[in-house]
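Here's the structure, in structure tokens; my notes come after.
Taken together, the values in this text are just the output of simple stated rules run on the coordinates, not laboratory data. Please read these numbers as outputs of a predicted model, since none were measured by experiment. Heads up, the Cβs are rebuilt from the backbone with ideal geometry, glycines too, and the neighbour counts pull from every protein chain shown.
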Amino acid sequence: MKFINSPAAQGLKLPFSQAVQVGDVLYLSGQLGNRPGTLELVPGGMEAEARQTMENIGVVLRENGLSFADVFKVTVMMADMAQWPAFNKIYVGYFDADRLPARSAFGCNGLALGAQLELECMAFVGRSR
């Protein structure tokens, strides 16, 4: 097992690891639409938050030699499921249409930082690492 925290993540002193690798799977902690290195959400509503959330995921993936093509499972947590179309409009742009990850979604109350959206995902590391 490998616990992973970039220097930026360590600087925030949060009570969890940014990601954990177990075997061939990288488990990313839930990501929000916060500005990198801060606990401040980006302004602009669901689409802006969704875009920043996906960008934050992309940073963690790249820091670990991976890309969105390696993501095989995503869990979506939304404060308002009526925002589903706005979220999906952004989300699908990060994946190839024929390689969409398996996905679960649920509405919830009280996401961290008052976020509208939180995503956690799992990515295949493979044996080449």
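Taken over the range 25-62, the residue count meeting the criterion of being surrounded by fewer than 15 Cβ atoms within 10 Å (Cβ to Cβ) and part of a loop (DSSP other than H, G, I, E, B) is 8.
Please tell me if PHE72 is touching a residue at least 40 places away in the same chain (Cβ under 8 Å), part of a strand (DSSP E or B) and more than 23 Å from LEU12 (Cβ to Cβ). In short, yes.
Can you name every residue in the range 108-129 that is without any contact (Cβ under 8 Å) to a residue 60 or more places away in the chain and either surrounded by 13 or more Cβ atoms within 10 Å (Cβ to Cβ) or within 17 Å of the chain's Cα centre (by Cα) (or both)?
The first filter runs over the range 108-129 and keeps only residues without any contact (Cβ under 8 Å) to a residue 60 or more places away in the chain, leaving 108-110, 128.
Once the filter is applied, which keeps residues that are without any contact (Cβ under 8 Å) to a residue 60 or more places away in the chain and either surrounded by 13 or more Cβ atoms within 10 Å (Cβ to Cβ) or within 17 Å of the chain's Cα centre (by Cα) (or both), the range 108-129 yields only CYS108.
Within the range 2-24, not a single residue is in contact (Cβ under 8 Å) with a residue 60 or more places away in the chain, closer than 17 Å to LEU119 by Cα and surrounded by fewer than 18 Cβ atoms within 10 Å (Cβ to Cβ). Within the range 93-107, track down each residue that is of a type outside the set (Gly, Ala, Ser), surrounded by 10 or more Cβ atoms within 10 Å (Cβ to Cβ) and under 18 Å from GLU47 (Cα atoms). Within the range 93-107, TYR94, PHE95 qualify.
When residues in the range 75-109 are screened for being basic (Lys, Arg) and part of a helix (DSSP H, G or I), 1 of them pass.
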